[in-house]
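Structure first, commentary second.
Since every read-out is calculated from the coordinates, none of them should be taken as a lab result. These numbers were taken from a predicted model, which means no experiment stands behind them.
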Amino acid sequence: MRTGRLVLMLLTGAIAHAASFDCAKANTAQERAVCDSPELNKLDEEMAAAYKSVLAEVPSDLTAEIRDDQRTWLRKLTIACDPKDSASATLVDCLEAEYASRIKALHHLILHQAGVTFVWASVELAATAPPPGVSIGAGQSRRGHLSASWPQSAADTPDWKAWNNAIEAATVRVASGGRKPPPGNLSEILDPDVDMDVSASLGVVGLNLVTATIANDWDGGGIHPNENSIQFNWLLKEGRELKPEDVFRQGSGWDSYLQKQCDQYLHQALDHEGQSYEKFMQPGEMVKVLRGIVVDPKNWEIDSQGITIVFQTYAVACHACTPAPLLIPWQSVQEMLNPEFVQPKEACTSRGPWGKMPFCKE
C-alpha cells in the first residue's frame, strides 16, 4: 500500500510540474499545452536542462545576457505559436517545432576553440511601426523582422574585448545595410517589408588572426530570398581588421595575380555559348569590379589552405549564376607573402558538452 501511494504521489507531481514552470500556475494556452502533452513536457525538461548547463558554463558577467535571451524566446513563443493563428497546423505541432529549435540553439550557444570560450549573443527585432495615419508604401503591409547572432569571447582581456566590440559592430553594419542606427535602436532603420537573418560564424582562431563570416539571408517578398556576406578578418595584437599589406608584400604583383586567377576561373564557370561573362556589364566595367573584389579582405575567407575569394550575389553574374568561391592556395602565392604573415594552421574546434565535435586536446 505504501508503495502504491508513493507511485501515485510521484505521478501526480510529474503532471503538476513541467521542467521550467509550475503547471498549477499555467495561465497561457502555450503553458497549458506543455502541461497536457507528455511529448512537450519532455521537450520542456530537455530545454530547461540545456539552459541550466549554459548558465553553469558561462562566466558570471554573461549570465544576465543569457537570461535575457531566454526571456526573449519565451515572449516570442506566445506570438510564434498563437492558437488563434490559422497558419499553424496545431498549437502542439508549433510548440514542438519551436522547442526543438530552441534546444538546438542552446546546444550551440557555447563554442570552445583554440583555448578560447565563445558565447553567442543574439537579438530579435521588429521594424519600427510608422506613426498613426502614415502609410509605409505600396506592397509594404507588414513590419519586417531581424534575427541576428554573433559570437562573443568570454576572455576578459583588452584584445578580446576589442574583438567583441568590433564583430558586434560589423554584424550591426550588415544588418543595417551600412547605415548607422540611433544608439541602441537598430529597429528604426530596418526595412518594414524585409525579413533578415544575420549570423556570424567563426573560422580561424589563432594567436593573432581571428576570422569570421557574417552572412545575411533576407527576404523582401520577391521571387526568391537573397543572400550576401562579408569576411571579418581581425588582428588581435593590432586591434584592427586585416589589410592586404598584412598578407602580401607591396609591389609583389599579388593583386594582378589574384585578378588573373579569378578572371580565368570566371570565364570557365560563366562563359556560355561563346558569350563572355564580362557581357554582364558595360565594356570595361567588369575589370574594375573584379579588381575591387580581389583586393578587398572582406571578400577573403582565410584558412590553413589559402585565401578563398568569395563572389557575392549579383557581383559578377545573375543571381542563379553566382559562381562558387575560388581557393587560391598558399603555395601558389608563397613568394608574394609578407614575411611577417603567419599562415593559419588547421583549426581545432569543439562545441559544448552537447555538440558532436570532440573537445580540443591541449
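Some observations on this one:
- Amide hydrogen neighbours beyond the local backbone of Leu242, cut-off 5 Å, H modeled: Asn233, Trp234, Leu235
- Estimated translational D of segment 249-337 in µm²/s (Stokes, Kirkwood radius over Cα pairs; 20 °C; 1.002 mPa s): 157
- Checking the cross-link pairs Lys42/Lys345; Lys76/Lys345; Lys104/Lys243; Lys25/Lys84; Lys161/Lys298 against a 31 Å limit on the alpha carbon distance flags Lys42/Lys345; Lys76/Lys345; Lys104/Lys243 as lying beyond it.
- Proximal aspartates and glutamates relative to Lys279, as straight alpha-carbon distance under 16 Å, when same-chain residues fewer than 8 apart are discounted: Asp263, Asp271
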